[in-house]
1. Return a yes/no flag: does segment 141-150 have any residue that is in a helix (DSSP H, G or I) and in contact with an Asp or Glu (Cβ under 9 Å, 6 or more places away or on another chain).
2. For the structure I just gave you, tell me whether Gly60 is surrounded by 21 or more Cβ atoms within 10 Å (Cβ to Cβ) and either under 22 Å from Ser343 (Cα atoms) or polar (S, T, N, Q) (or both).
3. Of Ala35, Ala17, which residue is more than 17 Å from the chain's Cα centre (by Cα), in contact (Cβ under 8 Å) with a residue 40 or more places away in the chain, surrounded by 24 or more Cβ atoms within 10 Å (Cβ to Cβ) and assigned to a helix (DSSP H, G or I)?
4. Return yes or no: is Ser48 in a helix (DSSP H, G or I), out of contact with any strand residue (DSSP E or B) (no Cβ under 9 Å at 6 or more places or on another chain), closer than 28 Å to Met354 by Cα and hydroxyl-bearing (Ser, Thr, Tyr)?
5. Mind checking whether some residue in segment 105-117 is surrounded by 16 or more Cβ atoms within 10 Å (Cβ to Cβ), under 22 Å from Gly222 (Cα atoms) and in contact with a Cys (Cβ under 7 Å, 6 or more places away or on another chain)?
6. Have a look at Phe119, Phe23 and point out the one that is of a type outside the set (Asp, Glu), part of a helix (DSSP H, G or I) and closer than 20 Å to Tyr339 by Cα.
7. If you check Leu251 against the conditions, is it out of contact with any helix residue (DSSP H, G or I) (no Cβ under 7 Å at 6 or more places or on another chain) and either basic (Lys, Arg) or surrounded by fewer than 24 Cβ atoms within 10 Å (Cβ to Cβ) (or both)?
8. Inside segment 274-319, can you point out the residues that are at pLDDT below 90, out of contact with any Lys or Arg (no Cβ under 8 Å at 6 or more places or on another chain) and closer than 19 Å to Tyr373 by Cβ?
Amino acid sequence: MTGQNLPERGVTTTVLAIFASIFLLGSGSALQNTAVVLRGGLEGFSDSTIGIISAAYYAGMLAGSFLAILVIKHAGYVRSFAAFASLASVSSLAHVLLIDPLAWIVLRTLHGLCLSIIFVVVESWLNVASPQALRGRILSAYGIVYLSSMGLVQPLIGYFSPAGFEIFGITSILVSLCLLPVTLTTVQGEALITDTKIRLLGVLKKSPMGTMGVITSGLVAGAHVSLAPRYAQGMGLGEGKIGLFLLVFSLGTMAMQWPLGLISDRSGRRAALLVSSLAGMIAALGLGVAPGPGPFLTGAAFLFGGFAIPLYSLSIATVNDQLLPEDMVQSASALYVFYGIGSVAGPLAASQGMGKLGSSALYWIISLILAGYALFGLSRINRVPGFIIRGSSESYHTYPRTSPLTIQFLRRPPRKRRKAPETPREATKPPPEEARELRP
């Protein structure tokens with residue numbers, strides 16, 4: 001039984017349980033990232049070492065998104081979810097038992113792999129439970145829940161110092177608690193995941209601007225999420241203020257989702273991508289030149305979160321406008337690979353700059369990345385795509401950067417094939433508007 005057949009109350013209960021699980025999981029993951037980066041600084045780890053530790057998490061996420069297929073086929077959804085949630089909880093606690101850079105690289109890789117598999121399981125359940133007519137709104141709500149979970153938990157850093165055990169214990173508790181909402185709720189129906197070939201060049205050719213936006217988003221988000229706590233530490237913020245500072249980024253992201261979505265739907269994807277990248281670049285420069293704590297730093301953080309972070313969702317929407325329904329699954333996996341490559345490379349490059357030029361170099365590098373993408377976008381602003389699916393443009397949605405399934409979530413049903421003409425006269429009729437192609 002799928003979301004089309006479940007009673008309305010059953011759909012609501014299931015979706016809310018999944019949202020609760022994702023909120024707890026996202027909170028634990030975000031809090032651990034901050035705790036690991038700050039504790040690494042307190043332990044005397046270099047910026048480049050912290051960058052490698054951070055990149056290891058994203059490498060684990062990328063590997064886990066594809067390993068999940070084999071794991072779920074072998075163990076099933078419930079056992080996979082329970083096993084890897086438990087393993088993620090253990091890896092959180094192990095950080096305070098093994099204070100060593102190499103051990104942390106292994107633990108962060110393991111944690112990223114576990115969370116990736118959990119996200120695939122949970123998003124599969126969400127896909128099954130959601131009626132087709134409501135999927136857009138459910139996906140947007142899911143993205144907002146995930147984004148809010150990453151920000152609302154950060155002020156806890158001010159109450160529990162990363163120098164102690166408590167904050168790592170809290171992350172373990174949050175990850176463990178994510179088991180309860182889903183395991184106590186019955187998700188009816190079977191979520192299917194199938195192997196798929198990944199065609200990287202095919203996606204790049206169909207939507208160069210959208211695909212490059214996904215790569216840029218990976219570089220920017222990977223560097224920012226991983227190293228923003230280290231930047232705040234270098235700016236002289238205390239532990240309590242670091243948590244509030246990180247919350248400001250998330251508030252900016254949530255506040256600007258609707259305005260950017262409106263620009264995307266009314267003025268076009270490319271206009272929204274340029275606004276996102278150019279405004280994000282200016283905000284990043286503001287963070288790079290900020291003299292220290294104060295209103296200027298807070299305002300720049302809010303604007304950066306509001307404009308730079310939504311670049312991922314805008315880029316995904318741009319690519320989806322150029323895809324046939326049957327291409328969605330392959331393209332989703334390819335886009336996640338592109339994002340994963342960027343999110344691994346971002347912390348590695350930014351941490352090298354921070355080690356040589358200071359903590360402000362994080363946002364100087366990010367501003368250069370966004371400037372490069374904006375120039376690329378301007379060079380293509382008047383270029384007509386080689387293929388456009390008539391009527392395929394859909395409303396903007398907030399896509400969480402968790403697994404390829406979120407990109408497949410809004411997959412359109414395959415278009416009906418036209419019947420072969422029965423008479424010569426029918427054969428000469430022009431094709432319907434939605435089947436025409438635009439050529440440059």
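1. Checked segment 141-150: at least one residue is in a helix (DSSP H, G or I) and in contact with an Asp or Glu (Cβ under 9 Å, 6 or more places away or on another chain).
2. Numbers: surrounded by 21 or more Cβ atoms within 10 Å (Cβ to Cβ): yes; either under 22 Å from Ser343 (Cα atoms) or polar (S, T, N, Q) (or both): yes.
When the stated conditions are applied, Gly60 passes them.
3. On the way: Ala17 fails: surrounded by 24 or more Cβ atoms within 10 Å (Cβ to Cβ).
After ruling out the rest, the residue left standing is Ala35.
4. Numbers: in a helix (DSSP H, G or I): yes; out of contact with any strand residue (DSSP E or B) (no Cβ under 9 Å at 6 or more places or on another chain): yes; closer than 28 Å to Met354 by Cα: yes; hydroxyl-bearing (Ser, Thr, Tyr): yes.
Yes, satisfied.
5. no
6. Working: Phe23 fails: closer than 20 Å to Tyr339 by Cα.
Within the list Phe119, Phe23, the selection yields Phe119.
7. On the way: out of contact with any helix residue (DSSP H, G or I) (no Cβ under 7 Å at 6 or more places or on another chain): no; either basic (Lys, Arg) or surrounded by fewer than 24 Cβ atoms within 10 Å (Cβ to Cβ) (or both): yes.
Against the criterion (out of contact with any helix residue (DSSP H, G or I) (no Cβ under 7 Å at 6 or more places or on another chain) and either basic (Lys, Arg) or surrounded by fewer than 24 Cβ atoms within 10 Å (Cβ to Cβ) (or both)), Leu251 does not qualify.
8. Once the filter is applied, which keeps residues that are at pLDDT below 90, out of contact with any Lys or Arg (no Cβ under 8 Å at 6 or more places or on another chain) and closer than 19 Å to Tyr373 by Cβ, segment 274-319 yields Ile309, Pro310, Leu311, Ser313, Ser315, Ile316.
The values are calculated or read from the model by the stated rules, or taken from the named source; none is laboratory data. Note that the structure is a prediction, hence the values are computed from the model and not measured. Glycine also receives a Cβ, built like all others from the backbone with ideal geometry; neighbour counts cover every protein chain displayed.
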